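Okay, structure first, notes after.
The values are calculated or read from the model by the stated rules, or taken from the named source; none is laboratory data. All values derive from a computational prediction rather than experimental measurement. Because the Cβ atoms are built from the backbone with ideal geometry, glycine has one as well, and the counts that use them run over all protein chains shown. These area figures cover heavy atoms from the full protein model, side chains too; ligands, DNA and RNA do not enter into them. Shrake-Rupley method; radii C 1.70, N 1.55, O 1.52, S 1.80 Å.
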Amino acid sequence: MLPLKFAVAVFLVVLIGNSVVAEDPYRYFDWNVTYGTIYPLGVPQQGILINGQFPGPDINSVTNDNLVINIHNSLDEPFLLSWNGVQNRRNSFVDGVYGTTCPIPPGRNNTFNLQVKDQIGSFYYFPSLAFHKAAGGFGGIRILSRPRIPVPFPDPANDYTILIGDWYKKNHTDLKTILDGGRKLPFPDGILINGRGPNGVTFTVDQGKTYRLRISNVGLQNSLNFRVEGHKMTLVEVEGTHTLQTTYSSLDVHAGQSYSVLITANQEAKDHYIVVSSRFTTPVLTTTAVLHYSSSNTPVSGPPPGGPTIQIDWSLNQARSIRTNLSASGPRPNPQGSYHYGMINTTKTIRLASSAGQVNGKQRYAVNSVSFVPLDTPLKLLDYFKIGGFRVGSIPDSPTGGGIYQDTSVLGVDYRQFIEIIFENNEDIVQSWHLDGYSFWVVGMDGGQWTQASRNGYNLRDAVSRCTTQVYPKSWTAIYIALDNVGMWNLRTEFWARQYLGQQLYMRVYTDSTSLRDEYPIPRGARLCGKVANRHTRPL
């Protein structure tokens, strides 16, 4: 038998060793944000570069990795990045939108400590202040599964990020001036693929091999259709959820959404078009990239293949076909955790209706008649330091039918509730909505007005879980959310002019008894601004 002291020593060594092994890895990024001249549509304009790149560098990570991102702001105005789809569990301080995070002043830096806790999938980052998103500053985020968690398809030969979006030839400052003057934006000038215009990007493939394409619509407003000439696409993942592996000839990617597809290079060994075109617009904007077979000596030629244009029913049916792969693992071995969303009774229903109109002679956009107005201090900090200055419940939880008015919209919901949200779209455009901090189940969508009887058509078995959903014209979309992430979270339209002019709100997810226990404290070194700039003490 081992002596007691020796046995204790061995136990401690093993314990310490296990602790070291158990710590999730850290990945470090050091980014310098600058202006630079770019020519995406053939004319010079001011772009936002990250480490000299447009678009910015990818963030490559694995489930539960800690990401330490040091951002140097070399612009002449405040700057802030947000992480579209990264949930920032219990840590809305680093969400990177103005309602939760102080901007980085010119000439200063700030370090964001994120953890991609219990997540996999394809996402992106973008600038959230002013109208910077129209100048670049965006890039892809990929979160790979841990090696011991099986993925429901073989490893691809390569993994490509494809960022698509509508684009203007005007500088972002000119576009912001249009909005600040109370006018609507004009029609975009074109579409970009990875920051380039027609045939500006090439993706190389080898005959017979399969490749993963991570497609994100980082544009300002338009739904886009993505297709690859002569090739079928197998959908495998949507914003962190493995999907049923349905095959499509083309795929609608609405503003703010991300998809992963597999394509196999099984066609003639020549160059093929990758085509992106606008949906539901007149005229239709189209751009192309090149899928280059490594053995090809034949460049693309002729017109690119056409795609769907205004067919709402086609897009709606495709959206309904996107479902969760219930046999696949997620970030953890059991993708459903300890419950299934379809077996839980909702405790609250919230109806959110979008609208557009004039306030004091200027264009504004609203949710339930309230057009959001930011304060001089992030709401999260006002709440954390118990300063006040806004009212929880300043937006009703169902449409009022009244005219648009301005307020700082904060909707109070209780931590650990399971709620239903209905997005109602009475307008003639396709809407797109995103919720920070969460994924939600898209349980239903249809035309006309939502009623309680609409629940009879909900998908309560394998609805896709994602963080951005579309709402078709004169239609509704229903989602279920398990409110398991305390904090202050931005709910917004992904039409950026509408977001900028008020079509957003914040969800305050707390109960009085759990807010301090379940939320992380304010990060060390967090930047303070506005009414909390001179505070040196922080609540325990």
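Scanning segment 192-247 for residues being acidic (Asp, Glu) and in contact with a Gly (Cβ under 7 Å, 6 or more places away or on another chain) gives a total of 2. Among the residues of segment 340-388, those that are more than 18 Å from Met488 (Cβ to Cβ) and part of a loop (DSSP other than H, G, I, E, B) comprise His340, Ile344, Asn345, Thr346, Thr347, Asn360, Gly361, Asn368, Ser369. Going by the structure shown, is Arg416 open to solvent by 30 Å² or more (accessible area, probe 1.4 Å), on the phi > 0 side of the Ramachandran plot and not small (Gly, Ala, Ser)? Spelling it out, Arg416 is indeed open to solvent by 30 Å² or more (accessible area, probe 1.4 Å), on the phi > 0 side of the Ramachandran plot and not small (Gly, Ala, Ser).
Going through (1) on the phi < 0 side of the Ramachandran plot; (2) open to solvent by 10 Å² or more (accessible area, probe 1.4 Å) one by one, Ile215 falls short only on (2). Taking segment 163-185 as the range and being without any contact (Cβ under 8 Å) to a residue 12 or more places away in the chain and either under 21 Å from Ala255 (Cα atoms) or of a type in the set (A, V, I, L, M, F, W, C) (or both) as the test, only Ile178 passes.
Can you tell me how many residues within segment 373-390 are touching a strand residue (DSSP E or B) at 6+ places or on another chain (Cβ under 7 Å), open to solvent by 10 Å² or more (accessible area, probe 1.4 Å) and either closer than 20 Å to Tyr510 by Cβ or modelled with pLDDT under 95 (or both)? Explain how you work it out, then say what you get.
As a first pass, look at segment 373-390 and keep what is touching a strand residue (DSSP E or B) at 6+ places or on another chain (Cβ under 7 Å): 373, 379-380, 383, 390.
Cutting the leftovers down to open to solvent by 10 Å² or more (accessible area, probe 1.4 Å) gives us 373, 383, 390.
With either closer than 20 Å to Tyr510 by Cβ or modelled with pLDDT under 95 (or both) added as a condition, the list becomes 383, 390.
So the count comes out to 2.
The set of residues in segment 125-159 that are part of a strand (DSSP E or B) and under 21 Å from Thr468 (Cα atoms) comprises Tyr125, Phe126, Pro127, Gly136, Gly139, Gly140, Ile141, Arg142, Ile143, Leu144. Of the set (1) touching a Phe, Trp or Tyr at 6+ places or on another chain (Cβ under 9 Å); (2) closer than 17 Å to Thr247 by Cα, all apply to Arg323 but (1). State which residue is farthest from the chain's Cα centre (by Cα) when the search covers only segment 200-230 and only residues that are among the charged types (D, E, K, R) and assigned to a strand (DSSP E or B). Filtering first and then ranking leaves Arg227.
Filtered by the rule that a residue be out of contact with any helix residue (DSSP H, G or I) (no Cβ under 8 Å at 6 or more places or on another chain) and among the β-branched types (Val, Ile, Thr), segment 47-87 gives Ile50, Ile59, Val62, Thr63, Val68, Ile69, Ile71, Val86.
Let's see how each residue does on (1) in contact with an Asp or Glu (Cβ under 6 Å, 6 or more places away or on another chain); (2) hydroxyl-bearing (Ser, Thr, Tyr):
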site	(1), (2)
Leu129	no, no
Thr161	yes, yes
Ile164	no, no
Lys169	yes, no
Arg183	no, no
Leu224	no, no
Arg227	no, no
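Which of the numbered conditions does Arg148 fail, given that it passes all the others? Conditions: (1) free of Cβ contacts under 8 Å to residues at least 40 places away in the same chain; (2) within 20 Å of Tyr293 (Cβ to Cβ); (3) basic (Lys, Arg). Among (1) free of Cβ contacts under 8 Å to residues at least 40 places away in the same chain; (2) within 20 Å of Tyr293 (Cβ to Cβ); (3) basic (Lys, Arg), the lone unmet condition for Arg148 is (2).
Summed over segment 104-128, residues that are buried (at least 21 other Cβ atoms within 10 Å of the Cβ) and either more than 24 Å from Tyr26 (Cβ to Cβ) or among the charged types (D, E, K, R) (or both) total 2.
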